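K.L.:
This is the structure I want to talk about, given as structure tokens.
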Amino acid sequence: MKLDDLPAKYQDQARPQLAVVGGQLVLPGKPGVLVASDAVEEESALHEDIRKLCQLRGWLPLHGSMAHKSHRTEGEADFCCLLPGALVVFVECKTKEGKLSKAQQELAAWMRRLGHTMHVVRSAREFGEICDRAQKTGDIAGGSLSA
């Protein structure tokens, strides 16, 4: 996706900030400088990287506040991302050491029974690869649930 393909309200915000190379966020003009490491130390950094990647690609990330967990369904995925072609990707962000809570495991099992997958990602690269695969194949169930 080219920057000009983004909705107009996002073009000015995205232009000076980040670029996507091989599914990873990088600094413009410095393709070797990765913004997101392969696995994050802080989950909030991964949330921000995913929001930026969605913004750059014109996807819609639905995301609740990390500070207000009581306003969310217990075990709910961090992101519900809407991609072109009526694709919906559910994403749970974890640090490199993070594990799913019991509530998250239970919700993920319920989702599987309904034909959905909660993708556990530890980097923006992983997230980008899942979404790229979904767009190419229409398959969003690729087994990435692990924690």
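K.L.:
Considering the range 100-141 alone, what residues qualify as being among the hydrophobic types (A, V, I, L, M, F, W, C) and either without any contact (Cβ under 8 Å) to a residue 12 or more places away in the chain or part of a helix (DSSP H, G or I) (or both)?
P.N.:
We begin by selecting, within the range 100-141, every residue among the hydrophobic types (A, V, I, L, M, F, W, C); these are 100, 103, 107-111, 114, 118, 120-121, 124, 127, 130-131, 134, 140-141.
Within the range 100-141, A103, L107, A108, A109, W110, M111, L114, A124, F127, I130, C131, A134 meet the criteria.
K.L.:
Still on this structure, I have one more. With (1) in contact with an Asp or Glu (Cβ under 9 Å, 6 or more places away or on another chain); (2) of a type in the set (A, V, I, L, M); (3) at pLDDT 90 or above; (4) closer than 25 Å to T137 by Cα as the list, and L62 as the residue in question, which single condition is left unmet?
P.N.:
Only one criterion in (1) in contact with an Asp or Glu (Cβ under 9 Å, 6 or more places away or on another chain); (2) of a type in the set (A, V, I, L, M); (3) at pLDDT 90 or above; (4) closer than 25 Å to T137 by Cα is unmet by L62, namely (1).
K.L.:
May I pose another question? Could you run through the range 105-123 and say how many residues are of a type in the set (A, V, I, L, M, F, W, C) and touching a helix residue (DSSP H, G or I) at 6+ places or on another chain (Cβ under 8 Å)?
P.N.:
Total satisfying the criteria: 2.
K.L.:
Further, regarding this structure: Name, by its number, the condition in (1) under 15 Å from the mean Cα position of the chain (by Cα); (2) modelled with pLDDT under 90 that does not hold for F90.
P.N.:
Failed condition: (2).
K.L.:
Give me the pairs: first residue in the range 55-78 and within 18 Å of E106 (Cα to Cα), second residue in a loop (DSSP other than H, G, I, E, B) and modelled with pLDDT under 90, beta-carbon distance under 9 Å, and six or more apart or on different chains, which are they?
P.N.:
Within 9 Å, the pairs are R72/G64; R72/S65; E76/G64; D78/G64; D78/M66.
K.L.:
While we're here: Which condition from (1) out of contact with any helix residue (DSSP H, G or I) (no Cβ under 6 Å at 6 or more places or on another chain); (2) assigned to a loop (DSSP other than H, G, I, E, B); (3) at pLDDT 55 or above; (4) not charged (D, E, K, R) is the one that T95 breaks?
P.N.:
(1)
The values are calculated or read from the model by the stated rules, or taken from the named source; none is laboratory data. As the structure is a prediction and not an experimental result, all values here were calculated from the model. Cβ atoms come from the backbone with ideal geometry, glycine included; neighbour counts cover every protein chain shown.
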